[in-house]
Amino acid sequence: QINEAEVVAFSVPSYACQRRIALDHHNTVLADALSLLAENAELSDEDGRGVAFRRAAAVLKALPRQVTSMAQLKGLPCLGGHSLRVIKDVLDNGASDEVESTKRSERYKALKVLTGIFGVGAKTAARWISEGIHTLQQLQASGHTLNRAQQAGLEHYDDLNQPVTKAEADAIGEIVEKAVVSVLPGAQVTLTGGFRRGKLAGHDVDFLITHPEEGREEGLMPKVVSWLVKQGFLLYQKTTRNSYLESKDDPQSAVRVDLVVSPVSQFAFALLGWTGSKLFERELRRWAGYEKAMSLSSHALYDNNQGRYLRAASEEEIFAHLGLEYIPPSERNA
Ligand code: DGT
Ligand code: MG
């Protein structure tokens, strides 16, 4: 009876987009363990397994207190057998054997090193590993021809694998702002991605650009890019997104920057879609499809039952269309 009274099981809604998840939470050790297995699955091109671990981690992040016993997890969504084994291992032994051996494994280490090259994904890395290539030195010695993105990625490897700080993000924001208003007065730049969610570091800096008058944003991206090139800020550009900027104050450092231009009619959808987290976005689309028969993208929301697009001028309106409580960016850290 005492045991029963002591165990208060937690309750968490099924979809991550129904939960408020701040950057700081009560189960960092458990969530980190599951996130590492998610990362390893993603690096191994097993996205399904990756999502399962990400969902499990996001449930733990939403709990109001630290988990101390398996009994507290009864009835929680998204915790499959594999995730529960990992959690039990951490609770019983302080660490999970699977997580620790993954971290130490040659394959995981090689996947991290090789996918750390801008332009190298899980598939390419796996192919190289199967040829015995585990390090940058071995890659360079192998004589493999790298594409332009990968060459540039290798050249700036250390810079691009160094986390970007909020201060750097702000400095780059000023440059982007200057570029954008120089080529189109009145255009607006918004910081999105992890920094909008309150993160203090990130792997890149994401910006969304629009103009309050519909249509004025057309053709803006190439103009912004050539302004940045002319001023000597742009080191490398891959399509319209994914470029690196070099700060003139510190010519040694290159930073990944993602620029997205959106017509103002789609701005709220783009803002919601580019703020993340990735799991939060995935869960929003899953909620829309399965629970509301709607299709959500970074451009629009389509209602399959009504057979029409639903307009929205703000993120709040999109959440309302979806029948979800509004979650502010700082609580979308699923
Ligand atoms: P970070 O940069 O590692 O600190 O983390 P985030 O959350 O900024 O992630 P990032 O930069 O990869 O992407 C920013 C958000 O944009 C992400 O949370 C979801 C969204 N996103 C990422 N890639 C794509 C894409 O290819 N298409 C669309 N529509 N959205 C994307
Ligand atoms: Mg980012």
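The share of C-alpha pairs in the chain whose separation exceeds 34 Å stands at 34 percent. Once the C-beta distance of SER142 and SER101 is scaled by a Förster radius of 25 Å, the resulting FRET efficiency is 0.35 to the nearest 0.05.
List, in the order given, every pair from LYS166/LYS223; LYS103/LYS166; LYS199/LYS238; LYS178/LYS230 whose Cα-Cα distance in the structure shown is over 19 Å. Too far apart for the 19 Å limit: LYS166/LYS223; LYS103/LYS166; LYS199/LYS238.
Relative contact order, whole percent, for the range 35-86 stands at 32, derived from Cα pairs under 8 Å and 6 or more residues apart.
The C-alpha radius of gyration of the range 97-138, expressed as a fraction of 2.2 N^0.38 Å, stands at 1.14.
Within the range 171-214, which residues have the backbone N less than 14 Å from the label spot 7 Å out from ALA22 along Cα→beta-carbon, could you tell me? Correct set: 198-199. The charge dipole of the chain, taken about its Cα centre with unit charges on the Cβ of Lys, Arg, Asp and Glu (plus for the first two, minus for the last two), comes to roughly 520 debye.
Only Cα pairs under 8 Å and at least 6 apart count here; give the relative contact order of the chain as a rounded whole percent. About 17 percent, as a whole number. Model label points for GLU131 and SER314, set 7 angstrom from Cα along the Cα-to-Cβ axis, are 5.4 nm apart.
DSSP bridge analysis restricted to the chain gives an antiparallel fraction near 75%, rounded to the nearest 5.
Taking label points 7 Å from Cα along the Cα-to-Cβ direction, THR165 and GLU325 give a separation of 3.7 nm.
Values quoted throughout were computed directly from the atomic coordinates according to the rules given, and no laboratory measurement underlies them. Quantities reported herein were computed from a predicted structural model and do not represent experimental measurements. All Cβ positions, even for glycine, are placed from backbone atoms using ideal geometry, and neighbour counts span all protein chains on display.
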